[in-house]
Amino acid sequence: MTQPLSETDGAIPRSLELILDSREATARVAHALAGNLRAGDLVILTGELGAGKTTMTRALGDGLGVRGGVISPTFVLSRIHPNDPDGSRPGGPDLVHVDAYRLNSPEEVDDLDLEYSMDRSVTVVEWGAGLVEHLHESRVEIDLERSLGQEAVPVSGEEEDTEPRRLTMRFVGPRWGEREVADLHGKVRNAAMG
Ligand SMILES: Nc1ncnc2c1ncn2[C@@H]1O[C@H](COP(=O)(O)OP(=O)(O)OP(=O)(O)O)[C@@H](O)[C@H]1O
Ligand SMILES: [Mg+2]
């Protein structure tokens, strides 16, 4: 019989936490996660302005082999990046990239009709916590924290891509079974180290 996973029962924890030293480390981790994502999956990104949410989404798109440069959806709330038949995962899912920063309620999210694209896409929502959980019983929740408990220092020059981020990744719901979560723990840690 399989035991339910929790932080305390000695099984593989549902969440992992680690430090990402650079923008590249953040991108590598997202790329590693993309390898396990499939159509229907939901990813929720949380973190202050400039934390690295779009950086992660871009690398997810890369790993999924979708078309088009992933950029901040500043003027549109959501953008579809179709799977590229000549990309790294032909026949794989599309990427739907949503920026929920300006949305205030789950009802406003429903106006985007994300459920129509979800079945054939990986749906990634920046600022989605508290707004999009109703779309799927399962999800990956990713938090990026910038200041690591110190005061956030303005960066410049070559240091601007190498500010540490604290990453927390949680696997929520029945989609994420024990074996896959364990596998992802290893992959993500390796990717973070480079
Ligand atoms: N360890 C790191 N991980 C990710 N980005 C980093 C890191 N160190 C520095 N950066 C820089 O931080 C910025 C992250 O920008 P990004 O657009 O990805 O953030 P965001 O969370 O999407 O912001 P917004 O809330 O405005 O959408 C980039 O300029 C990137 O080079
Ligand atoms: Mg962004």
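None of the figures in this text is laboratory data; all of them are computed from the coordinates on show. Here the structure is a predicted model, which is why all the values come from computation and not from measurement. Quick reminder, even Gly has a Cβ in these numbers, built from the backbone with ideal geometry, and neighbours come from all protein chains shown.
The table below gives the values:
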{"item": "Rounded if a/c under 1.5, otherwise prolate or oblate - the chain, Cα gyration tensor axes", "result": "rounded"}
{"item": "Most to least packed among 87-99, 177-189 [average Cβ atoms within 10 Å]", "result": "87-99, 177-189"}
{"item": "Against the rule of thumb 2.2 N^0.38 Å, how large the Cα Rg of the stretch 12-70 comes out", "result": "1.14"}
{"item": "Dipole moment magnitude, nearest 20 debye, the chain about Cα centre, only Lys, Arg, Asp, Glu C-beta charged", "result": "540 debye"}
{"item": "Rel. contact order, % - alpha carbon contacts under 8 angstrom, at least six apart, the chain", "result": "31 percent"}
{"item": "Per-pair calculated FRET efficiency, R0 = 25 Å: Glu107 and Glu48 via Cβ, rounded to 0.05", "result": "0.50"}
{"item": "Spin-label model distance (nm) - Met193 vs Thr162, 7 Å beyond Cα toward Cβ", "result": "2.0 nm"}
{"item": "Loop sites in the stretch 28-119: GluC sites (Glu not before Pro), DSSP, at most 15 other Cβ within 10 Å", "result": "Glu48"}
